[in-house]
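Enquirer: The structure that follows is given in the form of structure tokens.
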Amino acid sequence: MAKIVTDVVCPFCGTLCDDLEVALSDDGKEILEVYNACAIGATKFLHSQASDRLTRPQKKQEDGSWKEVTYDEAADYTAKMLVDAKKPLMYGWSSTSCSAQGVGAEIGEEVGACMDNTATVCHGSTLIAVQDVGVPSATLGEIANRADRVVFWGCNPAHAHPRHMSRYSIFPRGFFTGKGSKSRQMIVVDPRNTDTAKMADVHLQLEQGHDYELLSAIRVAIRGEKLPDVVAGISKEQIYEVADTLKSGRFAVIFFGMGVTHSLGKNHNIDIAISVTRDLNDYTKAAIVPMRGHYNVTGSGQVWGWQFGFPFCLDLTRGFARYNPGDSSSNDLLVRDELDAVFVLGSDPGAHFPVRSVKKIAQLPSVCIDPHITPTSAVSKMHVPVAFVGVEVGGCAYRMDNVPIETKKVVEPPEGMLTDEEFLQLVLNRVRELKGAA
Amino acid sequence: MAAIQINLISGRTIQQGVAMESGKEKPAYRDACGILELDDAEFKRLGIFKNTNVRVSSEFGTVVVKAIGATQGPHPGLGWIPMGPWANALVDPNTYSTGMPTFKGTPVTVDVAENETVLDAIALITEECL
Amino acid sequence: MTDYLIKNGFVFDPVQGINGDKVDVAIKDGKIVDAGDVTNPTIIDATGMTVMAAAVDIHAHVAGPKVNMGRNFRPEDKLFNCTAGSGMKRMEGGFSVPTVLRTAYLYARMGFGFSMEAAMPPLYARHTHEEIRDTPIIDQGALPVFGNNWFVLEYLKENEIENTAAYIAWLLNQTKGFGVKCVNPGGTESWGWGLNCETVDDVVPYFDVTPRQIVSGLIEANEYLGLPHCMHVHGNSLGEPGNYGITLDTLKIAEGVKPQNDFGREVVLHNTHLQFHCYGGESYASKSFESKSKEVVNYINSVDNISYDLGVVTLDETTTMTADGPFEHHLSHMNNLKWANTDVELETGSGIVPFIYNPKTFIAGAQWAIGLECGLFIKDPMRAYITTDAPNAGPLCRYPRVYKWLMSAKARDDMLDNTLKYGDKIRERCYIGELDREISLYELAMMTRAGPAKTLGLSHMFGSLKPGLEGDVAVYPYNPETDTDDPEKIEYAFGNAAYLIKGGKLIVKEGEIVDMGNKRTFWVNAKVNENPMVERDISEKFRRYYTVTQNNYTVEGPHFVPNPYVIEVDATK
Ligand code: SF4
Ligand SMILES: [Zn+2]
């Protein structure tokens, strides 16, 4: 008889499903099956126990080969690198728990680091837009229970947040949405005919990069003003129709993703999407929700918010917190050669930053804390594998709607492996020793 | 040989997510992300069959990937490389003071590179950076 | 643990009837003791200074999701005020919504020992507790909001008090909450559809229950359980001209209800930020708007089971934040600034809008006056507590300034004559001009210590210097005999405690923070009889309508509440 662990939280995407069940071997050591998860979530749990997994820190040698070192040696190296640097970048913080983020924040403060999380290449545009115009939003359960107009703008949950539509946005039979997907009109705005778009009642296949124009046109249509015949490749008839659909709903919601945050216009695209939502609230009820990517990128912005007052792009090098995206943001710092050390935890800039930035990381003293071998670990001088948060150690994470959920420990990590929080604590202690000595 | 200009975008796919969690050093990750999805019309313009390796170049870099038929198309004028080091070899790193590189909407040139190989993620990043 | 003896100060402790007498205050093992009971104490020389029990804040928004949204979406609130760490202190930042570190240091420097986070959305309880955990020094609790909760609406439609009580007990336990908060009863649920409840008799759509039934039912359920704190209400139509009638309607719901508890609490309803609920007239224009503070406070003076806090407007640029979602939407349409809103499934909502109380406008000046009037009309200062509803009417750091205005008619006149543009108009439309009362230090101690401690059900721990209570003592550099010449001295002294001892530890020494204390999170564990129906309702709602599982709802674990102080209540009869 396998042992079943219930109410398991999936530590992959911002959907943060908390209804997984994991079957363990009798001794509780091996993960046999994962139920309720999507393919990605299941893989994360199953692959965590791969036989070829790294279990000890490795340091890169002159000749490019790797040599195993102890966690203490790795912590010492990391601490020295951070203390010696004038302007180190401590990046990532999205695939880890809030407690680890908290210890990281203390290290960043001690050494005077620039600190940034994956929002910087994900929903950073959104965070800036919210600072400009605010954000009328709601928890995902509000949407499940009430929303009858659902827009996916520049996002593709069928691939990026696979259980989003079934758990929250399209299929649930909620309190006031008893007919499930039949209670809802689904609108998708995307330049590709995505698998999400294929399910929609209406797909606006706009010209890539013209989101601002189309959102602006929808505002015009909501107010009943005149439009040109075609905007962003969409006919005015269709735009008026969509505006009517939204206005006539009882509760409209706009989910949006990288299609808008990554395209030219950036935060301005989000500004106007939020303004559409604001306008709709004069006619009906409306909310807007960013489809946050990593399972705890949201938490990282929260922890820094209450400790420093800003959700990303923190510059602590002057001893107090400064915030200035474009100046204190990772990619700008890297490309402008302002940094002299890079520390990465819970993210893979090697795979997800433009290559120009990755080249800079490769040239600098660098440490990568990650359970996996990644392009980042490959270009770093030290790679510290740690236990998987949400699989081998619990900890708090914030869902895309900011709802905090406690992830679970399902199995023990491999013998002798540290969690990232434990490793960070070693680094913090060492940093304090070094600074005390100085 | 023909070369075509298209507008490149990237993003997540399920296969990318699964492959990423199975190990980015593995061939499956390359197979999931070292690809370029094109409409049939673009294959005609290029004069090649699907599943042919191509070289994609932008103002910011060059990378070899395998051209495959669009799985979420048609998307006229657009090319799609899933999020990962292959796409990021090409994208516009300019943030225009927002902190956010311009990941979507990079003008690229595609030409045939039948005899070149698609590198795995670690080899690719090593070659580019080290 | 070090013993302390605070010598030669002017002591104000209304609980013991000590009114400025020179009495020595002794602390041993973290508690107040008789001066003779300490051996070899560290002596704190309080000569020429004012000594009081540490202050108790009954209502402030300092931790949780909307507070943090206020921080993250207002980088401008940190312009030029982020400071480096020094000594024991970490980096700080923020004016109207300070970081948790600044909040803690501010409270310490103002001589506070306890603060009640005024509104915790249950689904976000973990977030609130994470911030509380990271706020050192002061003890804190948090009030979950109940006034728009689907369980409560459904039970109270049928007037099922016992079920409501069982649900409250369950939720306090799940969220590690302290008591019952009720914000815009029914209105925030209506806001789920973009609507509101503007009077106590408006019907909540679908749920078919009225604010009157909700307030009345929550008071009854609160007393059924015998919780330490009473039902804590922010009524309907906050901030609306002419709302004082609705406020009186709300207050009168408590008529005749007797407190039932073992904590010495004497009131059954606490009306928070009364200032926002005392408006007459039909618009904000000076020819229509008027103060009704006298009418409302006179009613409260005529009964004995209601308390309130002031919510004084401090005339700053600040950040408003409340579970009153429709109000914030309304406000964003008035000032056209950015607006954040979060509706929370089955439970509540919230909104956040920056706001500038501009002393050059009539209305901001009138609001300032009304807040102070609420403090000056009270007959029994044990039932009126000084707050700014921080940060709604003003930032936390302005408490000492509010004390100054309450304690000095001269300071108020100076405002009316020199700072406010419409001082004369405000004298005409409000009562401020006819009030020459000056709150004494003895009364201040009631309104900031003894009173709030009693209404929170914590008078056995805080609010006085009686032997046996917590060793929480503040010493202010204010000489009540010689410093009365200049009201500015009040503001300076109460913002710069010379000493703070918290739980027997010396936290502030000669004005400097020297220790991070032993922070505790207070919550109330109420035992009720088994109630299978409520248990079934709970599991049903989680199965069908919540997006988290019931097991994942419970706030547990040392990283959320590492140092709990649990108050046990037995309501099994
Ligand atoms: S949708 Fe996201 S959180 Fe849910 S199981 Fe899939 S990867 Fe995990
Ligand atoms: Zn309040």
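Enquirer: Please report the antiparallel percentage of DSSP beta bridges with both residues in chain C, rounded to the nearest 5.
Expert: 50 percent
Enquirer: Once you order the gyration tensor axes a ≥ b ≥ c over the Cα atoms, which shape class does the range C:2-148 get: rounded for a/c under 1.5, otherwise prolate or oblate by comparing a/b with b/c?
Expert: prolate
Enquirer: Loop by DSSP (not H, G, I, E, B), at most 15 other beta-carbon atoms within 10 Å: where is the longest site-free stretch of chain B for chymotrypsin sites (Phe, Trp or Tyr not before Pro)?
Expert: Working: sites that count: B:49, B:96.
So the longest stretch without any such site is B:1-48.
Enquirer: Working from Cα positions, state the angle (0 to 90°, nearest 10) between the long axis of helix A:267-280 and the longest principal axis of chain A.
Expert: 40 degrees
Enquirer: Same structure, new question: Rule-of-thumb check for the range A:3-47: C-alpha Rg over 2.2 N^0.38 Å?
Expert: For the range A:3-47, the normalised Cα radius of gyration comes out at 1.06.
Enquirer: Using square roots of five times the C-alpha gyration tensor eigenvalues, list the equivalent-ellipsoid semi-axes of the range B:3-129 in whole Å, biggest first. It would help to have the intermediate numbers written out before the result.
Expert: Working: eigenvalues 80, 66, 42 Å².
With the √(5λ) rule applied to the range B:3-129, the semi-axes are 20, 18, 14 Å.
Enquirer: With the cut-off at 1.5 for a/c, could you classify the range C:53-455 from its C-alpha gyration tensor as rounded, prolate or oblate?
Expert: Rounded.
Enquirer: When the Karplus curve 6.51 cos²θ - 1.76 cosθ + 1.60 is applied with θ = phi - 60°, which whole-Hz ³J(HN,Hα) does each residue of the range A:50-63 get, with x for Gly and Pro?
Expert: Result, ordered by residue: 4, 5, 8, 5, 6, 10, 9, x, 10, 10, 7, 8, 3, 7 Hz.
Enquirer: Hey, if you drop one equal point scatterer on each alpha-carbon of chain A and run the Debye formula without solvent, what base-10 log of I(q)/I(0) do you get at q = 0.08, 0.14 Å⁻¹?
Expert: -0.48, -1.25
Enquirer: Here's something else I'd like to know. In nm, to one decimal, how far is the modelled label at residue C:159 from the one at residue C:525, with both set 7 Å along Cα→Cβ?
Expert: 3.5 nm
Enquirer: What is the gain in length, in nm to one decimal, between residue A:73 and residue A:35 on full extension, counting 0.36 nm per residue of separation less the C-alpha to C-alpha distance?
Expert: Value of the extension gain: 9.7 nm.
Enquirer: If you average the C-alpha positions of the range B:56-94 and of the range C:461-518 separately, how far apart do those two centres end up, in angstrom?
Expert: Between the Cα centres of the range B:56-94 and the range C:461-518 lies a distance of 65 Å.
Enquirer: I've got another one for you. When DSSP beta bridges are limited to those with both residues in the protein assembly as shown, what percentage is antiparallel, rounded to the nearest 5?
Expert: Roughly 50 percent of the beta bridges in the protein assembly as shown run antiparallel, per DSSP.
Enquirer: How large is the accessible surface per residue of the range B:13-130, computed with a 1.4 Å probe and reported in Å² as a whole number?
Expert: About 37 Å² of surface per residue is accessible.
Enquirer: Right, here's the next one. How many nm is it between the label spots at residue A:5 and residue A:198, if each spot is 7 Å from the Cα in line with the beta carbon?
Expert: 3.5 nm
Enquirer: Once phi is turned into θ = phi - 60°, what whole-Hz ³J(HN,Hα) does the Karplus curve with 6.51, -1.76 and 1.60 give for every residue of the range B:63-70, x standing for Gly and Pro?
Expert: Coupling constants for the range B:63-70: 8, 9, 9, 9, 7, 10, x, 4 Hz.
Enquirer: Cα centroid distance between the range C:4-60 and the range B:1-40, in Å?
Expert: 71 Å
Enquirer: Determine the residues within the range C:343-384 where the difference in accessible area between the chain on its own and the full set of protein chains amounts to at least 40 Å²; count protein heavy atoms only and use a 1.4 Å probe.
Expert: Checking the loss per residue gives C:343, C:345.
Enquirer: Which value, in Å², gives the accessible area per residue of the range A:333-401 when a 1.4 Å probe is used on the protein heavy atoms?
Expert: 18 Å²
Enquirer: Kirkwood Rh, Cα Rg: Rg to Rh for the range C:466-526?
Expert: 1.11
Enquirer: Using label points projected 7 Å from each Cα along Cα→Cβ, tell me how many nm separate residue B:52 and residue A:336, to one decimal.
Expert: 4.5 nm
Enquirer: What residues does the range A:4-24 have that are buried by at least 30 Å² of accessible area in the full protein assembly compared to the chain on its own, 1.4 angstrom probe?
Expert: A:7, A:12, A:18
Enquirer: Within the accessible area of the range C:195-329, what % is carbon and sulfur when the probe is 1.4 Å and the other protein chains stay in place?
Expert: Numbers: 1800 of 4010 Å².
C and S atoms contribute 45 percent here.
Enquirer: Quick one: which residues, 5 or more positions from residue A:134 or on another chain, have an amide H under 5 Å from its amide H? H modelled 1.01 Å from N in the peptide plane, none for Pro or chain starts.
Expert: Answer set, sorted by chain and number: C:339.
Enquirer: Kindly report, to the nearest 10 Å², the accessible surface of residue C:559 as traced by a 1.4 Å probe over protein heavy atoms only.
Expert: 50 Å²
Enquirer: Now a separate question. Could you compute the FRET efficiency for residue C:22 and residue C:492, with r as their C-beta to C-beta distance and R0 at 25 Å, rounded to 0.05?
Expert: 0.65
Enquirer: Just which residues of the range A:120-154 lose 50 Å² or more accessible area with every protein chain there, against their chain alone, with the probe set to 1.4 Å?
Expert: When all protein chains are present, A:131, A:135, A:139, A:142, A:145, A:146 each give up 50 Å² or more of accessible surface.
Enquirer: Another question, then. Around residue B:64, with a cut-off of 15 angstrom between Cβ atoms, what is the net charge of the other residues, counting Lys and Arg +1 and Asp and Glu -1?
Expert: Summing Lys and Arg as +1 and Asp and Glu as -1 gives -4.
Enquirer: Antiparallel versus total DSSP beta bridges in the range B:3-129: what percent is that, nearest 5? Before the final figure, lay out each step's value.
Expert: Working: 19 of 28 bridges.
About 70 percent, rounded to the nearest 5.
Enquirer: Moving on to the next point. Go through the range C:144-158 residue by residue and turn each phi into a ³J(HN,Hα) via Karplus (6.51, -1.76, 1.60, θ = phi - 60°); whole Hz please, and just put x for glycine and proline.
Expert: 3J(HN,Hα) across the range C:144-158, in whole Hz: x, 8, 10, x, 10, 7, 4, 4, 4, 4, 5, 5, 7, 4, 9.
Enquirer: GluC sites (Glu not before Pro), restricted to the range A:219-249: which are DSSP loop and have at most 11 other Cβ atoms within 10 Å? Write out the running numbers ahead of the final one.
Expert: Numbers: sites: A:225, A:237, A:241; in loops: A:225.
Sites meeting the loop and neighbour criteria: A:225.
Enquirer: So, R0 is 51 Å and r is the distance between the beta-carbons of residue B:44 and residue C:356; what FRET efficiency does that work out to, to 0.05?
Expert: It comes to 0.25.
Enquirer: Report the gain in length on full extension from residue C:438 to residue C:255: 0.36 nm times residue separation, minus Cα-Cα distance, nm rounded to one decimal. Display every interim value, and only then the final one.
Expert: Working: separation 183, 0.36 × 183 = 65.88 nm, distance 3.02 nm.
Value of the extension gain: 62.9 nm.
Enquirer: Distance from the Cα centre of the range A:216-294 to that of the range A:384-438, in angstrom?
Expert: 40 Å
Enquirer: Pull up all non-local amide H partners of residue A:253: gap of 5 or more, or a different chain, and H-to-H distance under 5 Å with H placed in the peptide plane.
Expert: When sequence neighbours closer than 5 places are left aside, the close amide H contacts are A:149, A:150, A:151, A:287.
Enquirer: Given a 1.4 angstrom probe, what's the average accessible area per residue across the range C:465-572, in square angstrom?
Expert: Here the residues of the range C:465-572 average 44 Å² of exposed surface.
Enquirer: Rounded to the nearest 0.05, what FRET efficiency do residue A:176 and residue C:81 have when you use their Cβ-Cβ distance and R0 = 41 Å?
Expert: So, using R0 = 41 Å, E works out to roughly 0.40.
The values are calculated or read from the model by the stated rules, or taken from the named source; none is laboratory data. Predicted model, so just to flag it, every value in this text is computed and none were measured. Neighbour counts run over all protein chains shown; Cβ positions are idealised from the backbone, glycine included. For the accessible areas, the whole protein counts, side chains as well, though only heavy atoms, and no ligand, DNA or RNA atoms are used. Shrake-Rupley method; radii C 1.70, N 1.55, O 1.52, S 1.80 Å.
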